[in-house]
1. Are there any pairs with C-beta distances below 8 angstrom linking a residue in segment 57-73 that is more than 14 Å from Leu23 (Cα to Cα) to a residue that is basic (Lys, Arg), with the two at least 6 apart or on different chains, and if so which?
2. Could you say whether any residue in segment 5-16 is touching a helix residue (DSSP H, G or I) at 6+ places or on another chain (Cβ under 8 Å) and among the hydroxyl-bearing types (Ser, Thr, Tyr)?
3. Within segment 26-68, take every residue that is hydroxyl-bearing (Ser, Thr, Tyr) and under 13 Å from the mean Cα position of the chain (by Cα) and give me the one that is farthest from Asn84 (Cα to Cα).
4. Being surrounded by 17 or more Cβ atoms within 10 Å (Cβ to Cβ), touching a Phe, Trp or Tyr at 6+ places or on another chain (Cβ under 9 Å) and free of Cβ contacts under 8 Å to residues at least 24 places away in the same chain, is that true of even one residue in segment 31-51?
5. Can you tell me which residues in segment 72-85 are farther than 27 Å from Asp12 by Cα, out of contact with any helix residue (DSSP H, G or I) (no Cβ under 6 Å at 6 or more places or on another chain) and assigned to a helix (DSSP H, G or I)?
6. Under 8 Å by Cβ, and 6 or more places apart or on different chains, what pairs join a residue from segment 2-22 that is farther than 29 Å from Trp50 by Cα with one that is assigned to a loop (DSSP other than H, G, I, E, B)?
Amino acid sequence: MGDKVKVCLEVDNSKIVISPLLLESLEDVPEAKIKFNKLPPSHQKYCSRWIEDAKTDETKVKRIAQGLQGLSKDLNFGAMTKLNK
């Protein structure tokens with residue numbers, strides 16, 4: 001049958017920090033902000049990390065633009081990351 005494993009789950013109550021650049025940019029695109037705010041917190045965090053993990057400011061700006069465009073078009077994250085490629 002296999003080995004038994006004991007698992008202990010804990011609630012993660014840590015605050016989700018969203019990229020300040022993303023939040024600032026969402027203010028300029030109301031429809032994208034509405035869609036972003038409707039995303040589950042985990043998806044907001046994923047999108048924010050994708051932007052913040054960029055190695056250059058140029059890439060951050062590009063990813064923010066892709067994110068805003070994708071949110072405005074109601075695209076999922078995968079489709080959003082492929083915009084303008």
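None of the figures in this text is laboratory data; all of them are computed from the coordinates on show. Nothing here was measured: the structure is a model prediction, and the numbers come from that model. Please note: Cβ atoms are built from the backbone with ideal geometry, for glycine as well, and neighbour counts cover all protein chains shown.
1. Sorted first by the residue in segment 57-73, then by its partner, the pairs are Ser72/Lys35.
2. There is no residue in segment 5-16 that is touching a helix residue (DSSP H, G or I) at 6+ places or on another chain (Cβ under 8 Å) and among the hydroxyl-bearing types (Ser, Thr, Tyr).
3. Result: Ser42.
4. No; the residues of segment 31-51 include none that is surrounded by 17 or more Cβ atoms within 10 Å (Cβ to Cβ), touching a Phe, Trp or Tyr at 6+ places or on another chain (Cβ under 9 Å) and free of Cβ contacts under 8 Å to residues at least 24 places away in the same chain.
5. Scanning segment 72-85 gives Ala79, Thr81.
6. Qualifying pairs under 8 Å: none.
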